[in-house]
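See below for the structure under consideration.
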Amino acid sequence: MHDFTLTTYQALLDGLQRAGFGFQTFEGFLKKPEEHVAILRHDVDDRKLHSLEFARIQHRRGIRGSYFFRMVPQSFDPDVILEIHGMGHEIGYHYEDMDFAGGNPHEAIRLFEKHLQTLRNLVPVTTICMHGSPRSRYDNKDVWKHYSYQNYGIIGEPYFDLDFSKIFYLTDTGRRWDGHKVSVRDKVPDYFGLSFHSTHDIIRRLRPGSFPKQVMFNFHPQRWTDDRRLWLQEKYSQTVKNWVKYHLIRLR
């Protein structure tokens, strides 16, 4: 069974449920964290309909996830956002305003306010998460060196408001689960000493006592498909991106 397919994704959900994990949105976890829980975070960077399919799969299983949308056409789509929200999932803002503003924090906060309001005109939004913008020299989180997101009714940003020494963080950045060497900004310190390359590696480890009780998964749904042509396209495209990002990291 190939990795990064919807079939494999559903096998992961099966494995988490068999292992006794509950599911919370990021917002729900911040308000009242459960002891044995998986937070399913989705960065909607591209191919927004893939995220819609993820949301439907979860909804059929009674699972709620968190979906962070960018303000670009390949992500932001009112119909998609409303349908995902209507299934009970959390909607957040996947901000990249320092990149849009060319590194100017004052212009960035103006754009942040505008974009957040655009999203809030559709659905309630109480959480945000930075977009890594790997090709940019600007870190989108740097806007918060000058301003406070709490002033905008935001209760959480994962990279600031989660204790990753207690919450195991797994991200499919680089189209692999051990892609820290090709991740420019989507990474946190390693407190657990666990490493998984494939989704199947994770599923095999999901046994009580051998896997952390609290985990945040970060998915990029554009990478996951049962369409053979798209699957191959994404695989080879990501190989090139990983090579570029690896050398960018070394240069920086």
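The values are calculated or read from the model by the stated rules, or taken from the named source; none is laboratory data. Here the structure is a predicted model, which is why all the values come from computation and not from measurement. Cβ coordinates were reconstructed from backbone atoms using ideal geometry, including for glycine residues, and neighbour counts include every protein chain displayed.
Please determine whether any residue of region 211-224 is farther than 17 Å from Leu40 by Cα and either out of contact with any Leu (no Cβ under 6 Å at 6 or more places or on another chain) or of a type in the set (S, T, N, Q) (or both). No, every residue in region 211-224 fails to be farther than 17 Å from Leu40 by Cα and either out of contact with any Leu (no Cβ under 6 Å at 6 or more places or on another chain) or of a type in the set (S, T, N, Q) (or both).
Taking the criterion of being among the small types (Gly, Ala, Ser) and either buried (at least 19 other Cβ atoms within 10 Å of the Cβ) or in contact with a Cys (Cβ under 8 Å, 6 or more places away or on another chain) (or both), the only residue of region 134-164 that qualifies is Gly156.
To keep it simple, each residue is scored yes or no on (1) modelled with pLDDT under 95; (2) farther than 25 Å from Ala11 by Cβ; (3) in contact with a Lys or Arg (Cβ under 7 Å, 6 or more places away or on another chain).
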{"residue": "Ile155", "(1), (2), (3)": "no, yes, no"}
{"residue": "His197", "(1), (2), (3)": "yes, no, yes"}
{"residue": "Asp201", "(1), (2), (3)": "no, no, no"}
{"residue": "Pro212", "(1), (2), (3)": "no, no, no"}
{"residue": "Arg229", "(1), (2), (3)": "yes, no, no"}
{"residue": "Ser237", "(1), (2), (3)": "yes, no, no"}
{"residue": "Ile249", "(1), (2), (3)": "yes, yes, no"}
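Within region 127-164, being assigned to a strand (DSSP E or B) and aliphatic (A, V, I, L, M) holds for Ile128, Met130. The residue of region 178-189 that is surrounded by the fewest Cβ atoms within 10 Å (Cβ to Cβ), among those that are of a type in the set (A, V, I, L, M, F, W, C) and at pLDDT below 85, is Val184.
If you check Phe4 against the conditions, is it in contact with a Phe, Trp or Tyr (Cβ under 6 Å, 6 or more places away or on another chain) and aromatic (Phe, Trp, Tyr)? When the stated conditions are applied, Phe4 passes them. The residue that is nearest to Lys145 (Cα to Cα), among those in region 102-126 that are assigned to a loop (DSSP other than H, G, I, E, B) and touching a residue at least 24 places away in the same chain (Cβ under 8 Å), is Gly103. Taking the criterion of being surrounded by 17 or more Cβ atoms within 10 Å (Cβ to Cβ), out of contact with any helix residue (DSSP H, G or I) (no Cβ under 7 Å at 6 or more places or on another chain) and in a loop (DSSP other than H, G, I, E, B), the residues of region 165-177 that qualify are Ile167, Thr173, Arg176. Residue pairs whose Cβ atoms lie under 8 Å apart, separated by 6 or more positions or on different chains, with the first residue in region 45-69 and closer than 24 Å to Arg135 by Cα and the second in a strand (DSSP E or B) and small (Gly, Ala, Ser), are Tyr67/Gly92; Phe68/Gly92; Phe69/Gly92.
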